[in-house]
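*Asks:* First the structure, then my questions, so here it is.
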Amino acid sequence: MTDRIEAAAAELRPLLQNFILWARENAPGSDSNLVGSVALWHRLIASGDVGRWRRADLRTVLLDRMPQVVEDPDAAADGMVPAIRAYLTFLSETGRLSAGSASLKELLTELDNIEDDFVDAMEDLVADQDDEYDEEDEEDEIDGLGDFEPFADELAELDTIRLRPDSELAAAAREVRLITKARDLAVWVGSERRVGETSLLTDVEITEALAALGLPVPKTDDASLADSVPALWNIWNLAIDLDFLQPEGEDTVSADPDTAEWPFEEDDDVLDAWLAGLHSIDYGDPELDDEDATIALSGLTRALLVRVLLATGSKPLAELRSELEEAVAEYDDQGPQAWAAAVAQYGDPLAPVLDWLAGYGMVEVEHDQVRLTPLGMEGVVHLADDSDIELDARPAIDAMTALDLLSFSAELPEEEADAEFAAWMELREPAKAARELLEAAAEDDADALVRVQAASMVGSLGEVAVPAWQDALDEPSLRPYAATHLAQLGVEDAPPPTQADTHWLILDMLTISAGLGRPEFVSSLDDIGNVPNLVNLLDVIWKVPHPHLEELLEAIGKAHPDKQVGKAAKRALFKARSNHN
């Protein structure tokens, strides 16, 4: 059966690659990854012709076979039927729906008829899996080789990860040789190049493409040239990930007009492109002649990255090789044989992994030590985030802007925030730092937490911050803080705080407490004073042009237990809205 699967998969590969290109333009909402297994089993159990689809085939494959072989029933329930709908439309519109097939209309009608049954079958599988997980200890659960989840606790305990500024990361991304190769391939593809049905490119085109990339033409022996150039197809797929290559009509692909401009001028554009291709790291996994062995090593690149990250960014190659060999054997019964096959093919199973990661600018290997580059550290943090694993990652102190400092400090415990501020201040002249902090706080007058954080930091600098406070008097959101601090410092000719200033400070405080939950919000209202005092405040505070005034008045009316306060809040809200209008 394995030989039949391999032969069918090889037969389908060019067709599915064409479908992926077609779907990007014609069915962008469909998950093309869900089509492969359906097309494969259709070929194996329903039809010798991949293009001949009958109504009964849909029931045979989706209702009889998929419940037995599907890997992620939850994803299948959400997206497999829409994906197959797109695939059948692709076959029809591109002339690939063979003679003897049902019409597209009949096939889509049948899909509609069986969709509920298919979703029910997938949901039953999800329920069965949940029951199995409930019966097993979490320690007994087996994750994939490249999953970050088993390391979540260790990752959470890592020291703060310091990330370099975007300008430095963009400069490094501009030097990434794999993106350059993807650009060169796309430029070679040019405009409206036809792609084939059995292979995307002809042998002559493959030879030309290899020359454009500076890659050698391999000796093929009995194998086809298309099956002997995985490096070319990896770069082709990377070019698609980067949007350097895009579908252009049926069976046609073109280079995006901006591709030749790489490396782009704007740092944001460069980093967006680099991140778009980040998941190409999976192309670094060893590709072996035996499909089962290849599957056994899938995730090896991610497995290496997480281990280097846990070693704080640098780990001996020999230790990595030993740990990963053990992990491969643990995660898959075929692991030892697959590892041996990779040794035979590559010399070192980690050779293709490190080659791709180095080519994507993420690791450096020196003196048998594997080290994450700043770009690599940024990438691994993004991969961890994709796995819903939180890391303590912050900008490097020397690269941290005032807004970075305020944003991160607002979420930190007081001692950590103080330490971060102290380290940041060591690199700056105090008067200049005060200006930077207040200017950052003024960028968004709706962010009360950042504003309070900035006022606290600048206030701790004392008299050296007087010029910055004086400048802040012209900023409405900061004037209340500036007037208050200048008065506390006894600065002559400084305007005294007004009642409106005091009211603004109260509204900032209420904004912050409202974000902490109802109990904290009600407690902060009690801190203002008794019911008569609070009613008196509501009778005048509606005049303050605070960005959160109306939502706070509405929240007070709903949250405060005293009806008198609730009525006063509703009156104030009506006045505020009338005044605003």
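The values are calculated or read from the model by the stated rules, or taken from the named source; none is laboratory data. Note that the structure is a prediction, hence the values are computed from the model and not measured. Counting neighbours? That spans all protein chains shown, and the Cβs are built from the backbone with ideal geometry, glycine included. Keep in mind that these areas ignore ligands, DNA and RNA; they rest on the heavy atoms of the full protein, side chains included. Shrake-Rupley method; radii C 1.70, N 1.55, O 1.52, S 1.80 Å.
*Asks:* Which one is nearest to Gly144 (Cα to Cα) among residues in region 381-391 that are open to solvent by 30 Å² or more (accessible area, probe 1.4 Å) and modelled with pLDDT of 90 or more?
*Replies:* Our first condition is that a residue be open to solvent by 30 Å² or more (accessible area, probe 1.4 Å); within region 381-391, this holds for 382, 385-388, 390-391.
Subset that is modelled with pLDDT of 90 or more: 382, 385-388, 391.
On the way: His382: 19, Asp385: 17, Asp386: 15, Ser387: 13, Asp388: 16, Leu391: 21 Å.
The selected residue is Ser387.
*Asks:* Also: Within region 288-301, is there a residue that is in contact with a Ser or Thr (Cβ under 6 Å, 6 or more places away or on another chain) and closer than 19 Å to Ala341 by Cα? Walk me through how you get there before you give the answer.
*Replies:* Filtering region 288-301 down to residues in contact with a Ser or Thr (Cβ under 6 Å, 6 or more places away or on another chain) leaves 288.
Narrowing the set further to residues that are closer than 19 Å to Ala341 by Cα leaves 288.
Yes, the conditions are met somewhere in region 288-301.
*Asks:* I'd like the full set of residues that are open to solvent by 40 Å² or more (accessible area, probe 1.4 Å) and in a loop (DSSP other than H, G, I, E, B), limited to region 312-326.
*Replies:* Thr312
*Asks:* In addition: Which of the numbered conditions does Leu317 fail, given that it passes all the others? Conditions: (1) over 16 Å from Pro230 (Cβ atoms); (2) out of contact with any strand residue (DSSP E or B) (no Cβ under 7 Å at 6 or more places or on another chain).
*Replies:* The number of the failed condition is (2).
*Asks:* In region 188-216, how many residues are open to solvent by 80 Å² or more (accessible area, probe 1.4 Å) and aliphatic (A, V, I, L, M)? Step through it out loud before you land on a result.
*Replies:* Filtering region 188-216 for residues open to solvent by 80 Å² or more (accessible area, probe 1.4 Å) gives 191-192, 194, 197-198, 203-204, 208, 216.
Now restrict to residues that are aliphatic (A, V, I, L, M): 204.
Summing the residues that are open to solvent by 80 Å² or more (accessible area, probe 1.4 Å) and aliphatic (A, V, I, L, M) in region 188-216 gives 1.
*Asks:* Just to confirm my filter: which strands (runs of 3 or more DSSP E) fall fully inside region 327-427 and include at least 1 residues that are in contact with a Phe, Trp or Tyr (Cβ under 7 Å, 6 or more places away or on another chain)? Can you show your working first?
*Replies:* Working: elements: 363-366, 369-372, 393-395.
The strands (runs of 3 or more DSSP E) meeting that bar are 393-395.
*Asks:* To continue, here is another question. Please determine whether any residue of region 362-373 is more than 19 Å from Leu158 (Cβ to Cβ), open to solvent by less than 30 Å² (accessible area, probe 1.4 Å), more than 23 Å from the chain's Cα centre (by Cα) and modelled with pLDDT of 95 or more.
*Replies:* Within region 362-373, not a single residue is more than 19 Å from Leu158 (Cβ to Cβ), open to solvent by less than 30 Å² (accessible area, probe 1.4 Å), more than 23 Å from the chain's Cα centre (by Cα) and modelled with pLDDT of 95 or more.
*Asks:* Going through Ala448, Ala500, Ala441, Ala514 one at a time, which residue ends up being more than 24 Å from Val565 (Cβ to Cβ) and among the small types (Gly, Ala, Ser)?
*Replies:* Residue meeting the stated conditions: Ala441.
*Asks:* For Lys432, which of the numbered conditions (1) buried (at least 16 other Cβ atoms within 10 Å of the Cβ); (2) on the phi < 0 side of the Ramachandran plot; (3) of a type outside the set (Asp, Glu) fails to hold?
*Replies:* For Lys432, the failing item is (1).
*Asks:* Still on this structure, I have one more. Consider only pairs whose beta carbons are under 7 Å apart and that are at least six residues apart or on different chains; among these, list those whose first residue lies in region 517-536 and is farther than 11 Å from Ile556 by Cα and whose second residue is of a type in the set (D, E, K, R).
*Replies:* Sorted first by the residue in region 517-536, then by its partner, the pairs are Val531/Asp562.
*Asks:* Which ones in region 454-472 are more than 14 Å from Trp504 (Cα to Cα) and aliphatic (A, V, I, L, M)? Spell out the reasoning first.
*Replies:* From region 454-472, those more than 14 Å from Trp504 (Cα to Cα) are 454, 456-472; that's our starting set.
Passing the criteria: Ala454, Met457, Val458, Leu461, Val464, Ala465, Val466, Ala468, Ala472.
*Asks:* Moving on. For a quick check of your reading of the model, give me the residue pairs whose first member lies in region 11-31 and is aliphatic (A, V, I, L, M), whose second is open to solvent by 80 Å² or more (accessible area, probe 1.4 Å), with beta-carbon atoms closer than 8 Å and at least 6 apart or on different chains.
*Replies:* Leu15/Glu197
*Asks:* Starting from residues that are more than 10 Å from Leu185 (Cβ to Cβ) and outside any loop (DSSP other than H, G, I, E, B), keep the ones in region 227-239 and report whichever is nearest to the chain's Cα centre (by Cα).
*Replies:* Applying the first criterion (more than 10 Å from Leu185 (Cβ to Cβ)) to region 227-239 yields 227-231, 233-234, 237.
Checking the rest, the ones that are also outside any loop (DSSP other than H, G, I, E, B) come to 227-228, 230-231, 233-234, 237.
Working: Asp227: 32, Ser228: 33, Pro230: 26, Ala231: 25, Trp233: 24, Asn234: 21, Asn237: 19 Å.
So the residue we want is Asn237.
*Asks:* Oh, and also: Name the residue that is farthest from the chain's Cα centre (by Cα), counting only residues in region 240-280 that are under 27 Å from Met377 (Cα atoms) and among the β-branched types (Val, Ile, Thr).
*Replies:* The first filter runs over region 240-280 and keeps only residues under 27 Å from Met377 (Cα atoms), leaving 240-244, 259, 261-280.
Then keep just the ones that are among the β-branched types (Val, Ile, Thr); that gives 240, 259, 270.
On the way: Ile240: 18, Thr259: 23, Val270: 16 Å.
So the residue we want is Thr259.
*Asks:* If we keep just the residues of region 543-555 that are over 15 Å from Thr502 (Cβ atoms) and without any contact (Cβ under 8 Å) to a residue 60 or more places away in the chain, which is surrounded by the fewest Cβ atoms within 10 Å (Cβ to Cβ)? Give the derivation first.
*Replies:* Keep residues of region 543-555 that are over 15 Å from Thr502 (Cβ atoms), which gives 547-548, 550-555.
From what is left, the residues that are without any contact (Cβ under 8 Å) to a residue 60 or more places away in the chain are 550-555.
Working: Glu550: 15, Glu551: 13, Leu552: 23, Leu553: 25, Glu554: 16, Ala555: 21.
Among those residues, the one meeting the criterion is Glu551.
*Asks:* Continuing with this model, one more query. Please work out if Ala303 is part of a helix (DSSP H, G or I), among the hydrophobic types (A, V, I, L, M, F, W, C) and under 23 Å from Ala9 (Cβ atoms). Working first, answer last.
*Replies:* Values: part of a helix (DSSP H, G or I): yes; among the hydrophobic types (A, V, I, L, M, F, W, C): yes; under 23 Å from Ala9 (Cβ atoms): no.
No, not satisfied.
*Asks:* Restricting to region 557-581, and then to whatever is hydrophobic (A, V, I, L, M, F, W, C) and in contact with a Lys or Arg (Cβ under 9 Å, 6 or more places away or on another chain), can you tell me which residue is surrounded by the most Cβ atoms within 10 Å (Cβ to Cβ)? First the steps, then the outcome.
*Replies:* Quick first cut of region 557-581, residues hydrophobic (A, V, I, L, M, F, W, C) only: 559, 565, 568-569, 572-574, 576.
Restricting the remaining residues to those that are in contact with a Lys or Arg (Cβ under 9 Å, 6 or more places away or on another chain) gives 559, 569, 576.
Numbers: Ala559: 16, Ala569: 25, Ala576: 21.
That would be Ala569.
*Asks:* If I filter region 204-216 for residues that are touching a Lys or Arg at 6+ places or on another chain (Cβ under 7 Å) and assigned to a helix (DSSP H, G or I), do I get at least one hit? Steps first, answer last, please.
*Replies:* Start the filter on region 204-216 by keeping residues that are touching a Lys or Arg at 6+ places or on another chain (Cβ under 7 Å), which leaves 213.
Filter again for assigned to a helix (DSSP H, G or I), leaving 213.
Yes, that holds for at least one residue.
*Asks:* Please pick out the residue among Arg435, Arg394, Arg451 that is among the basic types (Lys, Arg) and under 30 Å from Met362 (Cα atoms). Lay out the reasoning, then the answer.
*Replies:* Values: Arg435 fails: under 30 Å from Met362 (Cα atoms); Arg451 fails: under 30 Å from Met362 (Cα atoms).
The conditions single out Arg394.
*Asks:* Would you pick out the residues in region 355-414 that are among the aromatic types (Phe, Trp, Tyr) and touching a Lys or Arg at 6+ places or on another chain (Cβ under 6 Å)? Walk me through how you get there before you give the answer.
*Replies:* Of all residues in region 355-414, those among the aromatic types (Phe, Trp, Tyr) come to 356, 360, 408.
Of everything in region 355-414, just one residue is among the aromatic types (Phe, Trp, Tyr) and touching a Lys or Arg at 6+ places or on another chain (Cβ under 6 Å), namely Phe408.
*Asks:* For Glu378, indicate whether it is within 23 Å of Lys315 (Cβ to Cβ), among the acidic types (Asp, Glu), buried (at least 17 other Cβ atoms within 10 Å of the Cβ) and modelled with pLDDT of 90 or more. Steps first, please.
*Replies:* Numbers: within 23 Å of Lys315 (Cβ to Cβ): yes; among the acidic types (Asp, Glu): yes; buried (at least 17 other Cβ atoms within 10 Å of the Cβ): yes; modelled with pLDDT of 90 or more: yes.
So Glu378 fits the description; yes.
*Asks:* Here's something else I'd like to know. What helices (runs of 4 or more DSSP H) lie completely within region 471-530 and have 3 or more residues being under 20 Å from Ala454 (Cβ atoms) and open to solvent by 30 Å² or more (accessible area, probe 1.4 Å)?
*Replies:* Numbers: elements: 479-488, 499-514, 518-528.
Fully inside region 471-530 and qualifying: 479-488, 499-514.
*Asks:* May I pose another question? Just give me the residues in region 344-361 being open to solvent by 60 Å² or more (accessible area, probe 1.4 Å) and free of Cβ contacts under 8 Å to residues at least 40 places away in the same chain, in sequence order.
*Replies:* From region 344-361, those open to solvent by 60 Å² or more (accessible area, probe 1.4 Å) are 344-346, 355; that's our starting set.
Once the filter is applied, which keeps residues that are open to solvent by 60 Å² or more (accessible area, probe 1.4 Å) and free of Cβ contacts under 8 Å to residues at least 40 places away in the same chain, region 344-361 yields only Ala344.
*Asks:* What are the residue pairs meeting all of these: first residue in region 362-390, first residue closer than 20 Å to Glu168 by Cα, second residue of a type in the set (Ser, Thr, Tyr), Cβ atoms under 7 Å, and 6 or more apart or on different chains?
*Replies:* Met362/Thr373; Val363/Thr373; Glu364/Thr373; Arg371/Ser314
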